[in-house]
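Only one structure is covered here, and it is reproduced in the block below.
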Amino acid sequence: MNCSISGEVPEEPVVSKGSGLLFEKRLIERHIADYGKCPVTGEPLTLDDIVPIKTGKIVKPRPVQAASIPGMIGMFQNEWDGLMLSNFALEQQLHTARQELSHALYQHDAACRVIARLKKERDEARSILAQAERQFPISTPNDATANAPVHSNGKRAADDEELAPNAKKLHPGISSSIITELTNCNVALSQQRKKRQISATLAPIDAIETYTQISSHPLNKTNRQGIISLDILYSKDLIATGNVDTNAVIFDRPSGQVLATLSGHSKKVTSVKFVGQGESIITGSADKTVRLWQGSDDGRYTCRQTLKDHSAEVQAVTVHATNNYFVTASLDGTWCFYELSSGTCLTQVSDSSEGYTSAAFHPDGLILGTGTTDSLVKIWDVKSQANVAKFDGHQGHVTAISFSENGYYLATAAHDGVKLWDLRKLKNFRNFAPYDKETPTNSVEFDHSGSYLAVGGSDVRIYQVANVKSEWNLIKTFPDLSGTGKSTCVKFGPDSKYLAVASMDRNLRIFGQPGEDIPAASCAP
């Protein structure tokens, strides 16, 4: 009995009720699904019209080739030949694919080497071009020598030449190697902070409550009085001041002696910073320039470079924790990221701000905080130079900015007082309004341990640092002894053993415990 469609013995036989014909089940079901009629008679046929037949196990007859030994050998030979031909074709395809892959890898490697070499040459060319543009002379050598300023150490230093009026400034950018260096520094400092303990020699609160003026030092030699900025080198207990008389002064606090006077700026020195162990000093000025000063073994400093990337008054200088880079902020609405060793401006960042009035690096070095003339505090990602946060709410210029040592808090000062910000939640959690509406707050500074906060305006106040929910208690208030009613800058000494205060008279004042460590050269106010 054979299937009426295939003519072969069916494996699952079924029979049509109407015609009595025998079919293979799978074949007739597919035919009914496609045509709906009997393939032989042409009459309508449905699945209900077929009946399965129960039969014994059907054994298919062997093919003719397998009916004899020679036939089976021939069949095996044909299969083997086909397998060998297929294997040979696959091996050829594999060999061709390997050759193409090897050629592609070689081209990729060569292209990467060429691209790396071109990038290196481009960066070198940009750096050389930027330095050449920055040092392009606008006067004759004789005039430059004649007008060169004379420093207090008796040496004459020529001013760096200015850019041509229409020269375009090119900056190479912050390279991946520098970003790696900044990131590694960030990781190391973050790990150290978790293990850091407050020094046992830190001045306690009851000691600070007894602080009074222990010395006063006149640092201005001209009629243009006023000290605008301060910085303290803890390792040597040196104080650097930026003055209205266009000079910066290096002062040795223990001996009460002026070690050096840095002359060269043509307008007031708005910011001064030590680098490392005092081997270099950076000054920013209202004359739109930044000067790099190199120290010598005899304690003298010479100006090794004048940077002229800003087009308006430079208001702030802040040094990165690596001591290899620094940032300047200016009223021209830009901030510049510099490499210290070469004095190269790697990038100059501008946005919608009218001008920057203050700047400070976060203790870990990957965040930069800036204050603006339009009452905003802006937080920047140094690696991408992206503005990642903005804090508003101040009135007037943001005059000072300071990060706490634990990296959690940011203190900012403006005309309306001091605001404290929680950097973890990016919100303001406390405000101080120590003065009346007509008196601005000029300075705010955390001490190195993050335990105290100093505020300077018409007087100087020290607060105890607490957490977000606790009260920040006022510890001590120092009245203004300058007679000007304006303290311009305050800085804590090592372990908060003293407080250095600058004001708009000619004196640098030191506040500490009476009768303790008073320099012999101190004088009355």
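Scanning the range 247-271 for residues that are at pLDDT 90 or above and either under 15 Å from Asp287 (Cβ atoms) or touching a Cys at 6+ places or on another chain (Cβ under 9 Å) (or both) gives Asn247, Ala248, Leu262, Ser263, Gly264, His265, Ser266, Lys267, Lys268, Val269, Thr270, Ser271. What number of residues in the range 306-326 are closer than 23 Å to Ala260 by Cβ and either part of a loop (DSSP other than H, G, I, E, B) or open to solvent by 20 Å² or more (accessible area, probe 1.4 Å) (or both)? The qualifying residues number 2.
Summed over the range 203-247, the residues that are in contact with a strand residue (DSSP E or B) (Cβ under 7 Å, 6 or more places away or on another chain), in a loop (DSSP other than H, G, I, E, B), of a type outside the set (A, V, I, L, M, F, W, C) and under 18 Å from Ser266 (Cα atoms) give a count of 4. Within the range 105-130, residues that are loosely packed, with under 12 Cβ neighbours inside 10 Å have Cβ atoms under 8 Å from residues that are assigned to a helix (DSSP H, G or I) and at pLDDT 95 or above in no pair, counting only partners at least 6 apart in sequence or on another chain. Here Leu94 meets the list (1) open to solvent by 50 Å² or more (accessible area, probe 1.4 Å); (2) touching a Phe, Trp or Tyr at 6+ places or on another chain (Cβ under 9 Å); (3) modelled with pLDDT of 90 or more almost entirely, failing just condition (2). Assess whether Gln294 counts as being in a strand (DSSP E or B) and under 26 Å from Ala132 (Cβ atoms). For Gln294, the condition - in a strand (DSSP E or B) and under 26 Å from Ala132 (Cβ atoms) - is met. Of all residue pairs spaced 6 or more apart or on separate chains, those with beta-carbon atoms under 9 Å, a first member in the range 24-44 that is at positive phi and a second member that is open to solvent by 50 Å² or more (accessible area, probe 1.4 Å) are Gly36/Pro44; Gly36/Thr46.
A single member of Ala203, Ala248 is within 18 Å of Val501 (Cα to Cα) and free of Cβ contacts under 8 Å to residues at least 60 places away in the same chain, and it is Ala248.
Looking at Thr289, Thr261, just one residue is open to solvent by less than 30 Å² (accessible area, probe 1.4 Å) and among the hydroxyl-bearing types (Ser, Thr, Tyr), and that residue is Thr289.
The values are calculated or read from the model by the stated rules, or taken from the named source; none is laboratory data. On a predicted model such as this, the values are computed, not experimentally measured, just so you know. All Cβ positions, even for glycine, are placed from backbone atoms using ideal geometry, and neighbour counts span all protein chains on display. Surface areas here come from the heavy atoms of the whole protein model, side chains and all, with no ligands, DNA or RNA. Shrake-Rupley method; radii C 1.70, N 1.55, O 1.52, S 1.80 Å.
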